[in-house]
Amino acid sequence: MNIATQAVQIGLEWDTRTGAVTVPIYQTATFRHPGLGQSTGYDYSRSGNPTRQALEDGIARLDGAARGFAYASGMAAITNLLLLFKSGDHLIVTEDLYGGTCRLFDRIFTQYGLSFSYVDTSNTAEVTAAILPSTKAVFVETLTNPLLKFADLRAISAICRSNNLLLIADNTFLTPYLLRPLDMGADIAVYSATKYLAGHNDTVAGLVTVKDPMLAERVYFHQNSAGAVLGPQDSWLTTRGIKTLAIRMERQQENAGRIAEWLATHPRITKVYYPGLKDHPDHDLMGRESRGFCAMIAFEVDRHELVEQILLKTKLISFAESLGGVESLITFPEVQTHADIPPELRVRLGINNVLLRLSVGIENCDDLIEDLRQALEN
Ligand SMILES: *Cc1c(COP(=O)(O)O)cnc(C)c1O
């Protein structure tokens, strides 16, 4: 079944008693036992809740996983995955990582004896060179933020297999609609569902999918033990969002492609990062491996003063963090989303004081271009 259809089906047949078309919001902490030593399958909502389960089963199906897990945020999901490791373990990580993930690794998990090497995971030779005897996993972002480098998952997973390393893919930007990491050799996929999956800038949520049932059992043990689960209301909102994932992503990508081309011809724009443009270094690889180029664009303006002007003058496009939702958002990574990346790394990556990041929404594209045009005028 096509993934667009699968997405719409989530929760559809959940309530056999009433035939409700959407999964009900089971706003309950606990469940009555039918008898001593008996269970309906639900005992307590941290351990399992039907509304959350519909979402967890749904994302597992979309990703071709053994099981799915829903968390209170993307960061809670990533934190839960790090509980798979113990003191002394080393992980190889994408260098232009989401700022919050970098902060979690460097400022918190290093205190528990984990260590991290940051490499350009779009360059497989760098991944191989970083392997130590204590390396246990590679953590990649399938499409990085904000500079939109595409990871060659098949090549990295071959390295992981031959070195017995776990491969964890943060697939937030692409979603299962554009790319299914587990089909390409990843063991675990993780999502900030806050972004494209929920898609409406109205809820914070995290999802994990696991390919191997035994590994999934360990992840479940950690989910239930650490307890950062997604509540029933937010599980319902996330499921509702996922139903329209395919049409949103198609529209957003179409808008992004046009806007990237328009930006590339604007005299005040000196650089455009969008993998759908032919001059992007990963254009060919991503064209082969992914169903599309996503709808995130980064661009540089010709002088720093223009940054503030654009952030203040855009009217349709809101100056706000986050991405992937139906509303277009613009942000300034150096100060907003990537402030927790060490300054020298920021410089090396190209996150500078003239770089803006645009998350293209589903609005009419001519309106968006007009908004950018007037914001760039003196
Ligand atoms: C936003 C984001 C996260 C963190 O997710 P939250 O839902 O904000 O906790 C992790 N990874 C990537 C790539 C993100 O964009």
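In the range 9-21, the residues that are closer than 16 Å to A246 by Cβ never reach a residue that is modelled with pLDDT under 95 and open to solvent by 90 Å² or more (accessible area, probe 1.4 Å) with C-beta atoms less than 6 angstrom apart, at least six apart or across chains. Residues in the range 188-218 that are surrounded by fewer than 24 Cβ atoms within 10 Å (Cβ to Cβ) and more than 16 Å from the ligand (Cβ to nearest atom): K211, D212, P213, M214, L215, A216, E217, R218.
For the range 150-172, taking the residues that are buried (at least 24 other Cβ atoms within 10 Å of the Cβ) and part of a loop (DSSP other than H, G, I, E, B), the one that is modelled with the lowest pLDDT is identified as A151.
Selection of helices (runs of 4 or more DSSP H) fully inside the range 220-329 by the criterion of at least 2 residues being more than 30 Å from R67 (Cα to Cα) and touching a helix residue (DSSP H, G or I) at 6+ places or on another chain (Cβ under 6 Å) returns 245-265, 305-313. For the range 345-376, filtering for residues that are under 12 Å from T314 (Cβ atoms) and either surrounded by fewer than 17 Cβ atoms within 10 Å (Cβ to Cβ) or among the β-branched types (V, I, T) (or both) leaves 5.
So that you can scan it fast, the table gives a plain yes or no per residue for (1) under 19 Å from A66 (Cβ atoms); (2) under 19 Å from the mean Cα position of the chain (by Cα); (3) of a type in the set (V, I, T):
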| residue | (1), (2), (3) |
| --- | --- |
| I156 | no, yes, yes |
| L165 | no, no, no |
| A169 | yes, yes, no |
| T172 | no, yes, yes |
| M184 | yes, yes, no |
| G199 | no, yes, no |
| D202 | no, yes, no |
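Within this structure, Y98 passes the test of being within 11 Å of the ligand (Cβ to nearest atom) and either free of Cβ contacts under 8 Å to residues at least 24 places away in the same chain or open to solvent by 50 Å² or more (accessible area, probe 1.4 Å) (or both).
Which one of R303, R291 is under 17 Å from the mean Cα position of the chain (by Cα) and open to solvent by 80 Å² or more (accessible area, probe 1.4 Å)?
Values: R303 fails: under 17 Å from the mean Cα position of the chain (by Cα).
Unique residue meeting the criteria: R291.
The values are calculated or read from the model by the stated rules, or taken from the named source; none is laboratory data. All of these numbers come straight from a predicted model, not from anything done at the bench. Glycine gets a Cβ as well: all are built from the backbone with ideal geometry, and neighbour counts include every protein chain shown. Surface areas here come from the heavy atoms of the whole protein model, side chains and all, with no ligands, DNA or RNA. Shrake-Rupley method; radii C 1.70, N 1.55, O 1.52, S 1.80 Å.
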